[in-house]
Amino acid sequence: MGDSAPIYDDKSAVRAELDLTSAEWQRYDAGRRRDRHVELAFVEHTDGVVYTVMRSSADPAGPVLVFTPAEWDAFTRGILAGEFEQEERSGPDPSAD
């Protein structure tokens, strides 16, 4: 493995203080009948900032990703710009489950 910069978790304190118990989780099904979905919630922190949190519906007690408003804006702009498009693959369609 090569040298790499250390990874800093600059939101560890925020994540520890977010109250997800009353989060209103949303999911986009797009008509697919699958067991796993990405779920989102918008949660206000005690600092007054509304953070976007993301989890897998297959593991609701599992890890949660936390996005600042600026990070969420950059992520959604990237989606709209096609930055995450994958090349077509041959083989079975995993969304056909």
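The figures follow:
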read-out: Largest-first principal axis extents, alpha carbons of the stretch 35-83, Å; value: 34, 28, 12
read-out: Label-point gap, in nm, between Ala74 and Asp19 - each point 7 angstrom along Cα→Cβ; value: 3.0 nm
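Coordinate-derived values only; no laboratory data. Note that the structure is a prediction, hence the values are computed from the model and not measured. Don't worry about glycine lacking a Cβ; one is built from the backbone with ideal geometry, like all the others, and counts go over all protein chains shown.
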